[in-house]
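K.L.:
Shown below is the structure under consideration.
The numbers here are math on the coordinates, done by the rules we state, and not lab data. In this text, all values refer to a predicted model and were calculated from it rather than measured experimentally. Here Cβ is always computed from backbone atoms with ideal geometry, including for glycine, and neighbour counts include all displayed protein chains.
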Amino acid sequence: MASGFVWKIKPTVAVHKIKLNVQDKFMRIAINAGAAPAKAQMVETVPSDTGALKKSIRIKIAHYRRKQLWFVFIGAKTKFVVKGKQATKKKPKRNEKQPSRYFKNIDQGTSKLRGRQFVRRILPSAESQFQERFCGKMRELINSQG
């Protein structure tokens, strides 16, 4: 089961007088500002072994134009790879870690590993902070537009 909250936003209601590309830019800026505290809390609560998982956590924003829906994903970036020691003659492969592969296992657990559930711990505070910061940033951007 995925952890998260759903908060649908109709972006064209508040900013219908502004051009479409500027609307998208404002939405991305406001959503990023709203999601920043949740990312910071997640980085603080993630268990750190080598620190690779903490370094790989990113905010990704997806926009589906047909339905006018915006989604925010906060988690380990799939392209983030920590390179280990250089290959030698005895060990031809590099020791590489990709935190996005074990992010879910650490959070939700496996049959042999108890889940730490660091994402669920931050959700209640992250939801209220997201809505407050998003609305504040959006008002600021609209007022600056004139």
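K.L.:
What FRET efficiency comes out for the pair LEU113/ARG139, r = Cβ-Cβ distance, R0 = 41 Å, nearest 0.05?
P.N.:
Efficiency, from the Cβ-Cβ distance: 0.40.
K.L.:
Still on this structure, I have one more. Cβ under 10 Å from GLY75's Cβ, GLY75 left aside: what net charge do those residues give with Lys, Arg +1 and Asp, Glu -1?
P.N.:
+4
K.L.:
Sticking with this one: Say each of VAL43 and PHE80 gets a label point 7 Å from the Cα, pointing the same way as Cα to Cβ; how far apart are those two points in nm?
P.N.:
The modelled label-to-label distance comes out at 0.9 nm.
K.L.:
In addition: By a straight-distance test (C-alpha under 18 Å), which aspartates and glutamates pair with LYS39 as possible cross-link partners, with residues fewer than eight away in the same chain excluded?
P.N.:
Answer for LYS39, where 18 Å is the Cα cut-off: ASP107, GLU127, GLU132, listed by chain and number.
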